[in-house]
1. Can you tell me which residues in the range 339-375 are farther than 16 Å from D329 by Cβ, among the hydrophobic types (A, V, I, L, M, F, W, C) and under 25 Å from the mean Cα position of the chain (by Cα)?
2. Taking only the range 30-39 into account, find how many residues are open to solvent by 30 Å² or more (accessible area, probe 1.4 Å) and either assigned to a helix (DSSP H, G or I) or closer than 16 Å to I77 by Cβ (or both).
3. Please work out which one of (1) within 16 Å of ligand 2 (Cβ to nearest atom); (2) touching a helix residue (DSSP H, G or I) at 6+ places or on another chain (Cβ under 8 Å); (3) farther than 30 Å from S90 by Cβ is the condition E210 fails and give its number.
4. Does F212 meet the test of being at pLDDT 90 or above and within 28 Å of V162 (Cβ to Cβ)?
5. Could you list, in sequence order, the residues of the range 167-178 that are within 18 Å of the chain's Cα centre (by Cα) and more than 7 Å from ligand 1 (Cβ to nearest atom)?
6. Is one or more of the residues making up the range 171-178 more than 27 Å from S252 (Cβ to Cβ) and of a type in the set (A, V, I, L, M)?
7. Being in contact with a strand residue (DSSP E or B) (Cβ under 7 Å, 6 or more places away or on another chain), in contact (Cβ under 8 Å) with a residue 12 or more places away in the chain and outside any helix (DSSP H, G or I): is that true of V278 here?
8. Of these, T220, T245, which one is at pLDDT below 90 and surrounded by fewer than 20 Cβ atoms within 10 Å (Cβ to Cβ)?
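The values are calculated or read from the model by the stated rules, or taken from the named source; none is laboratory data. Predicted model only: the values in this text are computed from it and were never measured. Positions of Cβ are backbone-derived with ideal geometry, glycine not excepted, and every protein chain shown enters the neighbour counts. Heads up: the accessible areas ignore ligands, DNA and RNA and are worked out on the full protein's heavy atoms, side chains in. Shrake-Rupley method; radii C 1.70, N 1.55, O 1.52, S 1.80 Å.
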Amino acid sequence: MKSVLIVEDENVLRESLAELLAEEGYEVLQAQNGKVAYDLVLQRPVDVVLSDIHMPEMDGISLLGHLQKIAPQTPVIILTAFGTVQSAVSAMKSGAYDYLLKPANFDDVLLKVNRALEFGEMSATQKVITEQLAEESLFHNLVGTSKEMGKLFDMVRKLSTVKSNVIIVGASGTGKELFAKSIHYNGLTRTKPFVAVNCGAIPDTLIESELFGYRRGAFTGAMRDKIGYFEAANGGTLFLDELSTLPVSVQSSLLRVLEERVVVPVGDTHPRPIDVRVIAASNQDLQTMVDKGEFREVLLFRLNVVKIQLPSLRQLKEDIPLLVHHFLDRYTHEMNKKVLGITNGAMRALLNHEWRGNVRELENVIERAVIFSEGRQIGVEDLPFAVGEITDDVGEELKEAMEHFERQHILYSLRRHKYDKTETAKSLGIGVSSLYRKMDELKIEKNDAEPSPAGG
Ligand SMILES: Nc1ncnc2c1ncn2[C@@H]1O[C@H](COP(=O)(O)OP(=O)(O)OP(=O)(O)O)[C@@H](O)[C@H]1O
Ligand SMILES: [Mg+2]
């Protein structure tokens, strides 16, 4: 029987977690603080530790530090309250395996405990690989390792701990909506609604009633009261896409809502309080529109507490291999296909393409290629655009990008084949010795990831 140690000073929470896990068939141990937990682990090993951060005597972070000395193989899941996501992040940096936000959702608890147990059973090398992958998915679906992306991730991280309004500007397909979601789902607001509204898709005459709601009889066709998007997003984020299409009259109403933090539904006189962070997106430069008198400057100031400018994919060339890999992974899974990676030629063609449609275009290209290349590598013939002259002199930047890609790809393949080198090599279309050589070159740990003699 697998054992879980719950370290939590709130009795009610600790006991309900204990009950839940006991029902699932775990052996459950309980401790009211880090000190008690530490003494317990000194006496007997446990498989997983689930620990609160703030506790008397010894807090969760010091417990984590102590456990790393006496039981470094035991995964620790940190329980943390909303608004203290930062402490979860530092706990992760100090070696916590995962974190759970309070109030903990029971499904999440079980999922994470299970995952931690599987992790506990892995070899040390497998752990290194899993950790690298976990680090990369800190922002869920956002990928990129370039300096530009790094700066953007930093911004997302900071913005997810506050509720300031944000403007995201970028060309079509650069990831405006995805960034908005990352800000919302990575922090404070993650359990609150994220409501996306495309301002350009609502007829001008209906925008106010859609945003602010209406009372029955406010206009012909208003058969009943209806709440607007602002109220629907209460406590969370309202994503106003294509902000530049908002008529000037609505801009004024929006400004009033942001300043007074209340909405008045159409046909009503009673203001209703709202607590909503607005993330607005635009592919137009709003300052230029202000200069032309098409956008209200005060509204821009209100929303523009922080501005995120998303680069075009051309400016993120270095991230292309990783993105390619990310979408390959996604679509082979989604379509349940087997694809043996991508040829260097095709990768070069992708690196050299113009990408007017940015990341979305890249995503579509990969999706399409996955459809056509079942069971083999994606080649230039699977790409929808003509491939220009490609020289062999790929340049330093490209070489680095390729290496990065290869490394990611091997790590993913290893994981998919449960670290079995023979299977991994086969899936990559290379021999086992080449795989070892590659792993050496790319500095991928491999000491104890040997396939077991029994064949596993
Ligand atoms: N850094 C990234 N990592 C992974 N996927 C990304 C990244 N950036 C964008 N994408 C993906 O590219 C696609 C387009 O992104 P998104 O819809 O957020 O762009 P957008 O800027 O809102 O586009 P539009 O202006 O056309 O509405 C989505 O499928 C998104 O998941
Ligand atoms: Mg969009």
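1. L351, W355
2. First, the residues of the range 30-39 that are open to solvent by 30 Å² or more (accessible area, probe 1.4 Å): 30, 32, 35-36, 38-39.
Subset that is either assigned to a helix (DSSP H, G or I) or closer than 16 Å to I77 by Cβ (or both): 30, 35-36, 38-39.
Final tally of qualifying residues: 5.
3. (1)
4. yes
5. Scanning the range 167-178 gives a single hit, I168.
6. Yes, some residue in the range 171-178 is more than 27 Å from S252 (Cβ to Cβ) and of a type in the set (A, V, I, L, M).
7. yes
8. Going through T220, T245 in turn, just one is at pLDDT below 90 and surrounded by fewer than 20 Cβ atoms within 10 Å (Cβ to Cβ): T220.
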